[in-house]
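Colleague: Got a structure for you, questions after.
The values are calculated or read from the model by the stated rules, or taken from the named source; none is laboratory data. Source: prediction; values computed, not measured. Quick reminder, even Gly has a Cβ in these numbers, built from the backbone with ideal geometry, and neighbours come from all protein chains shown.
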């Protein structure tokens, strides 16, 4: 199963340093029955893109909680066995939210998705506005939408050092 794991650049640096994406359990996003019902599509590519989008929003939430992290959303796509993943059953869970129950080596990552440098102003504004957007503030929701309008770039795992500014 393809799982999209939301991170920040410091969390990606830690994963690169340790060689582990995460020791289970940790949250990711995948094509689940709840995501299918929410997105209302049978197209697998569209559903995968929706799961990636949910993970990007979760990355934005991580940024909102970590003022020191560079303002770029990061999502790692990883393939894990279906048995290692449990779909969130909590009624407050996000569509597509899953819990990965096992330790995942970073070497299992298929790709890294991250914002380009030019997205930072919009991602910064969105991180500040996220709480208000969650409360229904339309101006804040617009700021979050501006960040979501930025497509995440695709990086091969070999490009992680360059993405972290070490290559």
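Colleague: Can you tell me which condition residue 154 does not meet? The list is (1) surrounded by 17 or more Cβ atoms within 10 Å (Cβ to Cβ); (2) in contact with a strand residue (DSSP E or B) (Cβ under 7 Å, 6 or more places away or on another chain), and all the others hold.
Modeller: (1)
Colleague: Using the structure shown, decide if residue 98 is in contact with a strand residue (DSSP E or B) (Cβ under 7 Å, 6 or more places away or on another chain), surrounded by 17 or more Cβ atoms within 10 Å (Cβ to Cβ) and more than 18 Å from residue 33 (Cα to Cα).
Modeller: No.
Colleague: Would you mind finding the one in 13, 34 that is surrounded by 15 or more Cβ atoms within 10 Å (Cβ to Cβ), at pLDDT 95 or above and more than 24 Å from residue 143 (Cα to Cα)? Let's see the steps before the verdict.
Modeller: Numbers: 34 fails: at pLDDT 95 or above.
Sole residue among the options that is surrounded by 15 or more Cβ atoms within 10 Å (Cβ to Cβ), at pLDDT 95 or above and more than 24 Å from residue 143 (Cα to Cα): 13.
Colleague: Considering only residues that are in contact with a helix residue (DSSP H, G or I) (Cβ under 8 Å, 6 or more places away or on another chain) and either outside any strand (DSSP E or B) or modelled with pLDDT under 95 (or both), look in region 111-121 and name the one that is nearest to residue 143 (Cα to Cα). Walk me through how you get there before you give the answer.
Modeller: To start, the set of residues in region 111-121 that are in contact with a helix residue (DSSP H, G or I) (Cβ under 8 Å, 6 or more places away or on another chain) comprises 111-115, 119.
Right, trim to either outside any strand (DSSP E or B) or modelled with pLDDT under 95 (or both) and you get 115, 119.
Values: 115: 16, 119: 12 Å.
Out of the qualifying residues, it is 119.
One line per residue, one yes/no per condition, for (1) in contact with a strand residue (DSSP E or B) (Cβ under 7 Å, 6 or more places away or on another chain); (2) outside any helix (DSSP H, G or I); (3) touching a residue at least 24 places away in the same chain (Cβ under 8 Å):
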residue: 124; (1), (2), (3): no, no, yes
residue: 127; (1), (2), (3): no, no, yes
residue: 130; (1), (2), (3): no, no, yes
residue: 140; (1), (2), (3): no, no, no
residue: 143; (1), (2), (3): no, no, no
residue: 150; (1), (2), (3): no, yes, yes
residue: 158; (1), (2), (3): no, no, no
residue: 162; (1), (2), (3): no, no, no
residue: 165; (1), (2), (3): no, yes, no
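Colleague: Mind checking which residues of region 87-107 are at pLDDT 90 or above, under 21 Å from residue 23 (Cβ atoms) and not in a strand (DSSP E or B)? Talk me through it step by step, then tell me what you get.
Modeller: Taking region 87-107 first, the residues at pLDDT 90 or above are 96-107.
Keeping just the survivors that are under 21 Å from residue 23 (Cβ atoms) gives 97-107.
Once the filter is applied, which keeps residues that are at pLDDT 90 or above, under 21 Å from residue 23 (Cβ atoms) and not in a strand (DSSP E or B), region 87-107 yields 101, 102, 103, 106, 107.
Colleague: Moving to a separate point now. For region 63-84, give me each residue that is crowded, with 18+ Cβ neighbours inside 10 Å and in contact with a strand residue (DSSP E or B) (Cβ under 6 Å, 6 or more places away or on another chain).
Modeller: Passing the criteria: 72, 74, 75, 76, 77, 78, 80.
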